[in-house]
2 protein chains.
Amino acid sequence: MRRTPLLQTDLHESLVIMAECLQVTGSFKSRGACNAVACLGDRAMETTGVVTHSSGNHATALSYAAQTFRLPALMVIPATASPNKVEATRRLGAEVITHGITFDNREQVAEEIAVEQGLHLIHTYDDWDIVHGGATTGLEILEDASTATCLVAPVGGGGQISGLALSVQSFCPTAAVIGVEPELADDAARSFSTGQLQTLTADPPTIAEGVKSKAIGERNFEVMVRRRLVADMVTVSEQELVETVCLAWQTLRLTVEPTGALGLAWLSGRIHRATPQQPTVVLLSGGNFEADQMARILTGGDQ
Amino acid sequence: MRRTPLLQTDLHESLVIMAECLQVTGSFKSRGACNAVACLGDRAMETTGVVTHSSGNHATALSYAAQTFRLPALMVIPATASPNKVEATRRLGAEVITHGITFDNREQVAEEIAVEQGLHLIHTYDDWDIVHGGATTGLEILEDASTATCLVAPVGGGGQISGLALSVQSFCPTAAVIGVEPELADDAARSFSTGQLQTLTADPPTIAEGVKSKAIGERNFEVMVRRRLVADMVTVSEQELVETVCLAWQTLRLTVEPTGALGLAWLSGRIHRATPQQPTVVLLSGGNFEADQMARILTGGDQ
């Protein structure tokens, strides 16, 4: 892994960016994937490799981790996933299956293949090793920005934010961890407010591809909702997301995919509450998406 | 100033990026501008402010420096300059003159205004304080990547590279500093190979707006050519520049303007010569340009 820099920007003096788009494979997912493969330990000898279902960044990250540990990797990716992400996965030596794979059947197909072929299934977020890998972001933030009082991160299945919340609340319980979702995929926010696990009934039409999971995982629900280690869950509109991807390109000079922009999208209008002595840290989770989509966003055609 | 991070990337293990696009105002120019204004010292009391002619990044940087030191600033910018850069300058409190200003008359107009209004003219590159400000990049690179044997940077008027060469050659004379220009604006490369100052006869039609200066400055010529502190001068095509802006967006996850991409454009095909023990450092000098231009580049329409 890289120690990604905490960045000051021209946007606001109280804002600190954790640029996980600069992480190996371009997203925070490498932290969890490498930890999960490392934690296989002796079990790695008993499997013929690893398998997962993913809409993209986890697949690339797990391929990287498997390549690093010299294990075969098989990726079950929906046929509609970003070609860049699929190509990046193949370049890292993984086998990719997209034929007949949908948002709805990918989990089941991956589980069946795992049993058939003796592969070890590494879930995208509902796995303690994945959560603990993501938790390293919190440790690094506390080391580099120890006076931070508020940490903001995207929420999909909850792997990243539950890790972040675990490490931050362990060492700095006064800091608030806030999760951000698209309004169009607000299952985690509803789970948080109702105290009951809520699920999406259909593929949400959000531009934030990385947070289309139907529901947060059991382990993530445990951390975020039951143990209340997340202080609040909020949502942003598609318009705010698109504007924030532009803002990140122009003012932060970073490539941030729509999912990665969730935290900043929510924070943009609220940053005036922070002070330089008590910075707000926003985690930009990834920077992988298609050039033609970015071109549409930059010219206002994807709003 | 910020201590911009030296970044490892997914592009090549031996490549280290100095991301000056993450610098205050989005380019390395802030280093020289702040040093030049700081060095005014008591002379600041005798002027009514500072003035310069610039196609963009120096204007923004000097506006920032003047605002920081509470001095008025006047910018003489060609009417064809990037609206984003002009707007950024105005937001920083500077007065901007673009009416009737061209690539050819901007220097003379700025000099006349300086005399008329008692302003202190701070040249874009032919100024030792500007050069010495830029030299801080070399010191930071040597501190953070002390085993680097090759440093690659863009060349326009020569302010950045002469500063870089001065500091690197002072402390690490075995390292090679290489300057990169567009083929379409190769005056510095010709000055270097002939040993005589060469000038462009017309506004060069390169996409790299920041290196359209007609010739390198006298002081820059002294450092680069007479004292041979630059090891080589090379050129890249417009096609290579455009492809590198895309590469930076997709693989480095950074916003790099075409000028800022010059060093990486030259290096992309040659990086296999480097080893992780002897990294090559490439300076990405800036990240300010228009969203519609980036959209055209991403969709292959500006090649």
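At a Förster distance of 41 Å, what's the computed FRET efficiency of A:S170 paired with B:E46, Cβ-Cβ distance as r, to 0.05?
Given R0 = 41 Å and the Cβ-Cβ separation, E is 0.10.
How large is log10 I(q)/I(0) at q = 0.09, 0.17 Å⁻¹ when the Debye formula is applied to the Cα atoms of the stretch A:46-198, each weighted equally and without solvent?
Each listed q corresponds, in turn, to -0.34, -1.04.
Nearest 0.05, what FRET efficiency do A:H99 and B:A231 give at R0 = 56 Å with Cβ-Cβ as r?
Approximately 0.60, to the nearest 0.05.
In cubic angstrom, how much convex hull volume per residue do the alpha carbon atoms of chain B span?
119
Restricting to DSSP H runs of at least four residues, report the calculated mean residue ellipticity at 222 nm for chain B, -39500 (n - 2.57) per run over all residues, nearest 500 deg cm²/dmol.
Mean residue ellipticity at 222 nm (helix-derived): -11000 deg cm²/dmol.
I'd like the projected area of the stretch B:29-121, averaged over all directions, using the convex hull of its alpha carbons. Report it in nm² with one decimal.
One quarter of the hull surface, i.e. the mean projection, equals 5.2 nm².
Stick to the Cα atoms of the protein assembly as shown, pair each with every other, and give me the Kirkwood hydrodynamic radius in Å at one decimal.
Final number for the Kirkwood radius of the protein assembly as shown is 25.2 Å.
Rank A:V109, A:V37, A:V180 by mean-square fluctuation in a GNM of chain A with C-alpha springs under 10 angstrom and give only the top-ranked residue.
Looking only at A:V109, A:V37, A:V180, the largest GNM fluctuation is found for A:V109.
Report the equivalent ellipsoid semi-axes for the stretch A:152-202 in whole Å, largest first, defined as the square roots of five times the eigenvalues of the gyration tensor built from alpha carbon atoms.
Computed over the stretch A:152-202, the values are 22, 11, 9 Å.
Given Cα positions, please report Rg to Rh for the stretch B:147-303, the hydrodynamic radius being the Kirkwood one.
Radius of gyration over Kirkwood radius for the stretch B:147-303 works out to 0.97.
Using a Gaussian network model of chain B with C-alpha springs under 10 Å, which one of B:P205, B:P154, B:P78 is most mobile by mean-square fluctuation?
Residue with maximal mean-square fluctuation among B:P205, B:P154, B:P78: B:P205.
Checking understanding here: applying a Kyte-Doolittle mean of at least 0.0 and a length along the axis of at least 18 Å (C-alpha), which whole DSSP H helices in chain B pass?
Helices passing the filter in chain B: B:128-144, B:159-171.
Amide H neighbours of A:V152 under 5 Å, counting only residues 5+ apart in sequence or on other chains, H built in-plane at 1.01 Å?
Close amide H contacts, sequence-distant or interchain: A:I178, A:V281, A:V282, A:L283.
All of the numbers you see were taken from the coordinates with simple rules; none came from a lab. These figures come from a predicted structure and were not determined experimentally. Counting neighbours? That spans all protein chains shown, and the Cβs are built from the backbone with ideal geometry, glycine included.
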